[in-house]
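Remarks on the structure that follows.
The values are calculated or read from the model by the stated rules, or taken from the named source; none is laboratory data. All values derive from a computational prediction rather than experimental measurement. Cβ: placed from backbone, ideal geometry, glycine included. Neighbour counts: every protein chain shown.
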Amino acid sequence: MISESTTNFTEYTFRERKLDLSQPRVMGILNTTPDSFSDGGLFVSGNAAIERVAGMVDEGADIIDIGGESTRPGSEPVSVEEEMDRVIPILEKALPAFPKCLFSVDTTKYEVAEAALELGVHIVNDVSGLKKEPRLASLCSKYNAGYILMHSKGDPKTMQQDPQYVNVIEEIKAFFGGRLQQLNNAGVKPVILDPGIGFGKTLAHNLEIVEGLDKFTEFGYPLLVGASRKSMIGQILNDRPVHERLAGTIAIHYHCLLKGAKILRVHDVQEAKDSVQIYHAVKTA
């Protein structure tokens, strides 16, 4: 499934915007939701959200990922209308205000993705991996937009209820292989792979993914990892609360950089950017 057009990460293009992935990049998280596990309710107002985007851009975020539906374990889905109301007004302000930044919309809904792409969003981040809305493939192709293919098992409401795998790495690889064929058939070229840490996985599964991350590089697509402040870190660190997981987040993500990750999806942009800079300096010494 390796594509020669995607193995050269120096010119990965999203809607005619190039992102140099010869070194790792940082994606900043903006949740416009009242119930996200880490920052729920903090950025539901327009002014607070735009201020947060500005802060992350100043700290060096290469991509801003904006979502209007919580995907924390046990969360309830929201309607198309509610998600649109949370996300679209922010994008209307943020896209023209920060023209040098790439923007991603974190959604599984066709209508939300379409409205965001019409505004100029560069990437669709679909945590369902085309399971909820297969038409996202043709939609991204239409706009020459990027697509983040994430693996998950179940949906957010039920995904952490005893997830089981025979071999988590091989099952994710099989999933990627099938979905990449769908995306290739639809003409989607800028694809990013995300193994979905915490989405239908136990702590043991998550650790196996982190240690075996390099096994996904054989597909020839950039790898995104998002372990920021997640429960796996709290579990390892004796039930450490969410806002005391920064050091654990950096440690997990740095290991992922060593294993081939190209994009880190984070809440703490400056700290992630610093760790990427250190990694790149050592790597190129």
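Is there a residue being part of a loop (DSSP other than H, G, I, E, B) and more than 27 Å from Ser70 (Cβ to Cβ) anywhere in segment 227-243?
No, every residue in segment 227-243 fails to be part of a loop (DSSP other than H, G, I, E, B) and more than 27 Å from Ser70 (Cβ to Cβ).
Between a first residue in segment 127-149 that is within 17 Å of Asp106 (Cβ to Cβ) and a second residue that is charged (D, E, K, R) and part of a loop (DSSP other than H, G, I, E, B), which pairs have beta carbons less than 6 Å apart while being 6 or more apart in sequence or on different chains?
Filtered contacts from segment 127-149: Ala145/Arg15.
If you check every pair at least six apart or on different chains, which have Cβ atoms under 6 Å apart with a residue in segment 5-17 that is at pLDDT below 90 first and a residue that is of a type in the set (Phe, Trp, Tyr) second?
Note: pairs meeting the criteria are Thr6/Tyr221.
Is there a residue in segment 197-216 that is touching an Asp or Glu at 6+ places or on another chain (Cβ under 7 Å), at pLDDT below 95 and under 28 Å from Val87 (Cα atoms)?
no
Kindly indicate whether any position in segment 147-155 is surrounded by 20 or more Cβ atoms within 10 Å (Cβ to Cβ) and more than 19 Å from His205 (Cα to Cα).
Yes: segment 147-155 contains one or more residues that are surrounded by 20 or more Cβ atoms within 10 Å (Cβ to Cβ) and more than 19 Å from His205 (Cα to Cα).
So Phe175 fits all but one of (1) assigned to a helix (DSSP H, G or I); (2) farther than 21 Å from Thr71 by Cβ; (3) out of contact with any helix residue (DSSP H, G or I) (no Cβ under 9 Å at 6 or more places or on another chain); (4) of a type outside the set (Asp, Glu); what number is the exception?
Going through (1) assigned to a helix (DSSP H, G or I); (2) farther than 21 Å from Thr71 by Cβ; (3) out of contact with any helix residue (DSSP H, G or I) (no Cβ under 9 Å at 6 or more places or on another chain); (4) of a type outside the set (Asp, Glu) one by one, Phe175 breaks only (2).
Here's a check for you: in segment 23-35, which residue that is part of a loop (DSSP other than H, G, I, E, B) and at pLDDT 90 or above is nearest to Pro89 (Cα to Cα)?
Taking the candidates together, the pick is Pro24.
Kindly indicate the residue of segment 165-188 that is within 19 Å of the chain's Cα centre (by Cα) and without any contact (Cβ under 8 Å) to a residue 60 or more places away in the chain and also nearest to Leu139 (Cα to Cα) among those meeting that condition.
Val188
For Lys201, work out the one condition from (1) touching a Leu at 6+ places or on another chain (Cβ under 8 Å); (2) buried (at least 19 other Cβ atoms within 10 Å of the Cβ); (3) farther than 29 Å from Asp20 by Cβ it doesn't fulfil.
So Lys201 meets the others, but not (1).
Of Gly234, Gly260, Gly248, which residue is touching a Leu at 6+ places or on another chain (Cβ under 7 Å), surrounded by fewer than 22 Cβ atoms within 10 Å (Cβ to Cβ) and without any contact (Cβ under 8 Å) to a residue 24 or more places away in the chain?
The unique qualifying residue is Gly248.
Under 6 Å between Cβ atoms, which residue pairs at least 6 apart in sequence (or on different chains) link something in segment 58-84 that is on the phi > 0 side of the Ramachandran plot with a partner that is at pLDDT 95 or above?
Matching pairs, first to second residue: Gly60/Lys273.
Check Leu257, Leu224 and return the single one that is under 30 Å from Gln181 (Cβ atoms), assigned to a strand (DSSP E or B) and within 19 Å of the chain's Cα centre (by Cα).
Only one candidate qualifies: Leu224.
Can you name every one of the strands (runs of 3 or more DSSP E) wholly within segment 36-151 that holds 1 or more residues which are at pLDDT below 95 and out of contact with any His (no Cβ under 9 Å at 6 or more places or on another chain)?
Fully inside segment 36-151 and qualifying: 63-67.
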